[in-house]
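Here's the structure, in structure tokens; my notes come after.
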Amino acid sequence: MNCARFARLTLVVLTAIAVAAAASGCSLSSTVVPPGSLPVPAEPANSIDTIVLLIGDAGLPDLENPERVLEVLQAEASQHPEKTAVVFLGDNIYPDGLRAPDGNKREQDEAALLAQIHAVRAAGARGIFVPGNHDTYSGGTVALRRQADFIREHGGSRIVYGPTAGCPGPETVDVGERARIVLLDSQWWLDERAVPEGTCAINTREEIVGALREALATAGDRHAIVVAHHPMRTHGWHGGHADWRDHLFPLSRVSSVLWIPLPGIGSLYPLWRRSGRVKQDIFSARYERMIEDLRKSFGPVPPLMHAAGHDHNLQLFGPDAAHPWTLVSGAGSIERVDPVGHGDDNIVVSPFAGFFRLDLLHDGRVRLELIEVHEDGRVERPWSDWLHHDASSN
């Protein structure tokens with residue numbers, strides 16, 4: 001290689017490093033909340049119609065020790081179990097969903113899912129599971145059906161899986177007098193998924209938009225909460241965020257033991273992901289189509305909130321002309337928490353494990369609370385506020 005060519009190659013690499021690093025920003029080491037905000041205390045139990053606990057990516061619990069996040073979740077649900085619904089936002093089993101019964105990993109898959117089911121049943125609450133991308137990785141629709149059947153067998157009458165395995169939804173679950181939970185399989189948009197003819201009542205993007213609009217328009221006095229695995233907005237890994245570890249040790253994303261320094265080369269990977277080549281990232285064409293369909297669906301009668309997981313942190317975005325309240329709650333396991341950045345559109349961002357609590361009051365008000373679970377066992381509630389203030393209105 002001559003000197004001129006080597007210089008050009010060096011310039012390309014250094015430019016890629018600079019662009020990727022600039023786009024990545026800094027990862028948070030502490031929780032960001034609005035300046036001067038003070039937590040809003042929970043209302044008395046007799047004022048609350050329904051409590052919805054939103055937790056995602058809980059499919060890799062610590063099976064050798066009690067999983068602290070699930071312990072805190074169970075304790076929270078136990079306070080008012082008759083009023084509480086726990087929604088698991090996909091990636092319910094890592095790494096490949098519920099594998100076939102004859103596989104050598106089936107026992108650990110079952111244990112991961114049973115840990116989540118147990119947290120709900122022990123509390124006496126209701127439970128709802130929606131699928132994530134990892135739940136499809138051991139057989140697509142077949143893997144989803146295995147998981148749905150397992151939840152039906154072990155969950156009892158108060159725990160459900162939806163939408164119908166392999167189908168996009170929407171399906172609705174009304175809880176109390178104030179909550180309508182609308183279930184979507186967001187991985188449907190990203191898959192080349194084929195299901196047997198007649199399996200799904202809804203099979204096209206146009207049908208989804210129409211059915212979702214109807215589900216929102218007919219909610220009445222209920223606040224609609226659309227739940228899926230993939231978020232509409234995020235400043236996590238799937239939204240283009242990468243920190244110094246991704247630039248210097250990119251293989252550590254593949255395995256926790258592959259801390260091999262690859263400076264320069266490592267920075268090319270985050271940049272490449274921003275090109276839209278990874279369908280699980282917000283930049284891909286399929287992902288963009290999903291967001292476009294959701295925006296179309298939300299236009300006439302928007303939901304209160306779109307809640308998802310996928311990125312392993314906790315984020316809240318405020319409503320605007322194109323979005324309702326948007327929540328990322330993918331930190332259901334301390335082992336799976338990932339770095340996260342902060343943008344101008346964020347209201348709350350936490351780099352810790354935990355989940356969100358949504359209180360829907362009889363008078364129409366809605367309160368949201370962030371609950372963090374730290375590695376040393378501390379439970380903190382650094383932020384809560386009203387999302388919907390007007391009593392007796394929706």
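Structure summary
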quantity	calculated
Only one of Y94, Y137 that is of a type outside the set (K, R), surrounded by fewer than 19 Cβ atoms within 10 Å (Cβ to Cβ) and in contact with a Gly (Cβ under 8 Å, 6 or more places away or on another chain)	Y137
Pick from region 210-229, criterion open to solvent by 20 Å² or more (accessible area, probe 1.4 Å) and not in a loop (DSSP other than H, G, I, E, B), ranking: farthest from G169 (Cα to Cα)	A217
Boolean, S329 is among the hydroxyl-bearing types (S, T, Y), touching a Pro at 6+ places or on another chain (Cβ under 8 Å) and surrounded by 14 or more Cβ atoms within 10 Å (Cβ to Cβ)	no
Selection status of E76, surrounded by fewer than 19 Cβ atoms within 10 Å (Cβ to Cβ) and among the charged types (D, E, K, R)	no
Filter result (out of contact with any Asp or Glu (no Cβ under 7 Å at 6 or more places or on another chain) and either open to solvent by less than 40 Å² (accessible area, probe 1.4 Å) or among the aliphatic types (A, V, I, L, M) (or both)) within region 175-190	V175, A179, I181, V182, L184, D185, S186, Q187, W189, L190
Verdict on A119 being open to solvent by less than 10 Å² (accessible area, probe 1.4 Å), at pLDDT 95 or above and in contact with a helix residue (DSSP H, G or I) (Cβ under 8 Å, 6 or more places away or on another chain)	yes
Any pair with Cβ under 7 angstrom, 6 or more apart, that starts in region 162-190 at a residue that is without any contact (Cβ under 8 Å) to a residue 24 or more places away in the chain and ends at one that is hydrophobic (A, V, I, L, M, F, W, C)	E171/L183
Test: residue in region 191-200 that is of a type outside the set (D, E, K, R) and buried (at least 23 other Cβ atoms within 10 Å of the Cβ)	no
Some residue of region 345-364 being hydroxyl-bearing (S, T, Y), within 24 Å of E67 (Cα to Cα), surrounded by 24 or more Cβ atoms within 10 Å (Cβ to Cβ) and at pLDDT below 95	no
Number of positions in region 155-174 that are open to solvent by less than 60 Å² (accessible area, probe 1.4 Å) and farther than 21 Å from V226 by Cβ	2
Single match in L251, L316 (criterion: of a type in the set (A, V, I, L, M), outside any loop (DSSP other than H, G, I, E, B), in contact with a Leu (Cβ under 8 Å, 6 or more places away or on another chain) and modelled with pLDDT of 95 or more)	L316
Set R213, R222: member being over 16 Å from the mean Cα position of the chain (by Cα) and closer than 18 Å to D293 by Cα	R213
Residue list for region 43-73, filter: surrounded by fewer than 18 Cβ atoms within 10 Å (Cβ to Cβ) and within 24 Å of F317 (Cα to Cα)	E43
Options P168, P131; residue that is at pLDDT 95 or above and closer than 16 Å to I93 by Cα	P131
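The values are calculated or read from the model by the stated rules, or taken from the named source; none is laboratory data. Nothing here was measured: the structure is a model prediction, and the numbers come from that model. FYI the Cβ positions are ideal-geometry reconstructions off the backbone, even for glycines, and counts take in every protein chain you see. The protein model used for the area step is the full one, side chains on, heavy atoms only, and it has no ligands, DNA or RNA in it. Shrake-Rupley method; radii C 1.70, N 1.55, O 1.52, S 1.80 Å.
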